[in-house]
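Nothing in this text is a laboratory measurement; each read-out follows from the coordinates by a stated rule. Given the structure is predicted, the values throughout are model-derived calculations rather than measurements. Cβ coordinates were reconstructed from backbone atoms using ideal geometry, including for glycine residues, and neighbour counts include every protein chain displayed.
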Amino acid sequence: MSIPKVVGIEQEYAIQIQGDRSLSAFEASCMLVDAYARRVGLREPAVRMLWDYAHETPYQDIRGKLFRKSPSQQVTTDADNRLINAPLPNGARLYTDHAHPEYSTPECRSARQALACDKAGELILQESIQAVSSLHPGMRIHLYKNNTDHKGHSYGCHENYMMEAAAHERWFVKRPQLTEQVLIPFLVTRQVVAGAGKVGSEGRYAADARYQVSQRADFMENLYGLETTYARPIINTRAEHHADPDRFRRLHLIAGDANMCEVAGLVKLGSTQILLQMMEDHYFTEDLSLSDPLKAVRDISMAFDTPVALKDGRTMTAAQIQRRFQESAAAYCQKENDARVPDFHLILTHWEQILDGLEQLRLSPDFAILDDPGALIHKLDWLLKLWLLNRYRKGRDDCGWDHPMLQVLDLQYHRVDNPEGMFNRLQKDGVAERVTTDEEIHRFVRQAPEDTRAYFRGRCIEKYPEEIMLLSWEVVAFDHGQTHRMIPLLNPLQGTREQFEGLFAGAATSRELISRLEAETGG
């Protein structure tokens, strides 16, 4: 029986600095991290909390190969550690990754919850910018939640899903051909639902594209692999599970785009959760292996309705392949009555509506939208952005796709440093459909989800920040003077509010918390 698909998002933000030419992107990112950490009280003199890099093994491959030493060796001092890291009371992590500010959501049981936590990250970074501006009035920092700078550089929106260990081993180590029959065709074609849209093309395999469905398609070069900054794979094979590896494994996916539209984000995460449940339960049996998955990624991105070749000789469009997955998912959920994927009715409904709309959608060779696209514009980033760009082109005497303002508008669509950014205004005006609420998003700025281990970690950071010595996704370690006490968090489904709210309420210090834990568990 499959296990719940705990999910999390790692979002790298593009950063632009005005007012201090001497400041690097890395330095500005660290300023944002530090400013927010100070705002929530995590830079007080008594707080010495460090991120535990010992639990990170990004260059250990699930296939048993060690390619190089972990980059954690580069973090050599406590000062460096604190400079780039801010574990937060909402269970998330704000940090600097290379030259980007990055926000990793807490662990979430539902796609809708993960979406709200991801949106909370945007508000957290807006607060960070406000804090930096108050200290440096002449500096302006702009942030963009996208995946390309249109100069050949891409940065990620990574997805993480918890899988049962034996199933993960079967699908990705022992019999990867099964993955090529199911998960890879799903991910290759999922872009017609979750693509962010992109003007032009770039990268090693760049073609003469005017407009594309996906921002990441140009940069996908392998089916499997460890790398995330070059030679990017559809399936990332790092053996960094952040949980008990005998019971759980993390599936790390880096091929998806960053979504602004909530419906697109919900279906991206939720449909993947359902498919992984089906894979673990041996439910999906149809072989949809693509003849050339990497070519199909780019072909679909350049023309959403282009037929792609399957290994068995059939040709199908991305929407037709997604329809096979959606129908199987609906049958699976009806048969299992499966509450292990929260909100599956909402996910399946939006997924079906999107595919219905894509079947009717027609674009001209110049990417003009023909006929009425209906509700699709309100659900999908790539189509909403295309609609906006075409409005601009029409107002400029149908200017060509090489007009320099189009890439500017493409970038501005993703601007999140200001609540009045382009997409935020559209959503406020009701153009982009909502599946979360402002209340939920604001709650997750300060509070962790209550039904995963994020609750325990977040409450520890909130109540005992000056007592925490080290922490990571899978451990919280307290400094008690002559002794150190470590609490492992190896099960993402444990550490919930239901389990620990009473213990936290009665424990003023971490010593008391541990004492109460030991009394309840017998030591």
Completion exercise
The helix 318-336 Cα axis meets the longest alpha-carbon principal axis of the chain at an angle in degrees, between 0 and 90 and rounded to 10, of 50
Completion exercise
Total charge of the residues flanking residue 182 in space, meaning their Cβ is under 10 Å from its Cβ, with Lys and Arg +1 and Asp and Glu -1, is -3
Completion exercise
For the range 416-523 the mean separation of alpha carbon contacts under 8 Å (6+ apart) over residue count, i.e. relative contact order in percent, is 21
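Once you list every other residue whose beta carbon is under 13 Å from the beta carbon of residue 370, what net charge do they have if Lys and Arg are +1 and Asp and Glu are -1? Walk me through the intermediate numbers first.
Working: positive: 362; negative: 305, 366, 371, 372.
Combined, the nearby Lys, Arg, Asp and Glu give -3.
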Problem - Electrostatic dipole magnitude of the range 303-382 [Cβ: Lys, Arg +1; Asp, Glu -1; Cα centre; debye, to 20] - result: 320
Exercise for the section: State the extension gain, in nm to one decimal, for the chain segment bounded by residue 511 and residue 223, taking 0.36 nm per residue of separation less the distance between their alpha-carbons. Expected result: 98.9 nm
Exercise for the section: Go ahead and run the numbers for FRET between residue 140 and residue 55, Cβ-Cβ distance against an R0 of 30 Å, rounding to 0.05. Expected result: 0.25
Handout entry: Estimated distance in nm for a label pair at residue 207 and residue 230, the labels positioned 7 Å out from Cα along Cα-to-Cβ
Key = 2.5
Handout entry: Reach of residue 198 by Cα under 15 Å, taken over aspartates and glutamates that are not fewer than 8 positions away in the same chain
Key = 149, 208, 218, 257, 299, 366, 381, 402, 410
Completion exercise
The summed charge of the residue 506 Cβ neighbourhood (under 11 Å; Lys/Arg +1, Asp/Glu -1) stands at -1
Fill in the blank from the handout: Subtracting the Cα-Cα distance of residue 391 and residue 174 from 0.36 nm times their residue separation yields 73.1 nm
Completion exercise
Relative to the chain, whose Cα atoms define the longest principal axis, helix 454-463 and its Cα axis are tilted in degrees, nearest 10, by 50
Exercise for the section: Specify the angular offset, from 0 to 90 degrees and rounded to the nearest 10, of the alpha carbon long axis of helix 262-280 from the longest principal axis of the alpha carbons in the chain. Expected result: 80
Handout entry: Spacing of the two label points (7 Å from each Cα toward its C-beta) at residue 362 and residue 418, in nm
Key = 3.9
Practice task
Using the number of other C-beta atoms within 10 angstrom as an exposure proxy, rank 517, 471, 135 with the fewest first.
Solution key: 135, 517, 471
